[in-house]
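Before any comments, here is the structure.
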Amino acid sequence: QVQLVESGGGSVQAGGSLRLSCETSGYTYSSGCMGWFRQAPGKEREGVAAIGSGGTTSYADSVKGRFTISKDNAKITLYLQMNSLRPDDTAMYYCAATQMYCYYSDLDVRVYTYWGQGTQVTVSS
């Protein structure tokens, strides 16, 4: 049974930083992609950052240069370092993983099978 558990969310002022973590259990497929997605009230879930099994990363234009995704392959743990946070980064952030082989990173939510419960990030001005 695959479980993804996010942590590290919270409330910060604009310009601050947070590091999100996603710990996995029952997920040993090292050839899949993992990613971070977010959903703000009234909006659809959008891809934020993703990493493929080959190490390729992808970022949404809105976070490029501010966020960094990384993965600990030994523990299959995903991280998202978020710097220079802005109020419009406020959302529920979800960790996700693919069931299928995924060498190159993919920000399409339709690619992902496994999802965490989410961790709230709130950025105040």
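A few notes on this one:
- For the range 56-125, the pair-distance distribution built from all alpha carbon pairs, in bins 5 Å wide starting at 0, is 3, 13, 23, 28, 20, 9, 3, 1, 0 percent.
- The range 105-125 versus the range 17-57: alpha-carbon centroid distance in Å: 6 Å
- Two-site FRET efficiency, Lys43 against Ser21, from Cβ-Cβ distance with R₀ of 25 Å, rounded to 0.05: 0.55
- Other residues lying with their Cβ under 10 Å from the Cβ of Cys95 contribute a combined charge of -2, Lys and Arg counting +1, Asp and Glu -1.
- Averaging the sequence gap over all C-alpha pairs within less than 8 Å and six or more residues apart, then dividing by the number of residues, gives the chain a relative contact order of 37 percent.
- Arg66-Thr28 FRET efficiency (beta carbon distance; Förster radius 25 Å; 0.05 resolution): 0.20
- Here the accessible area is traced with a 1.4 Å probe on the protein chains. For the chain, carbon and sulfur cover 46 percent of it.
- When restricted to Cα atoms, the range 1-102 yields an Rg and a Dmax of 13.3, 38 Å, respectively.
- Radius 14 Å from Cβ of Leu107, net charge of other residues (Lys, Arg +1; Asp, Glu -1): -1
The values are calculated or read from the model by the stated rules, or taken from the named source; none is laboratory data. Just so it is clear, the structure is predicted and the values come from calculations on it, not from any experiment. Ideal geometry is used to build each Cβ from the backbone, glycine not excepted, and the neighbour counts take in all protein chains shown. Quick note on the areas: whole protein, heavy atoms, side chains included, nothing else; ligands and nucleic acids left out. Shrake-Rupley method; radii C 1.70, N 1.55, O 1.52, S 1.80 Å.
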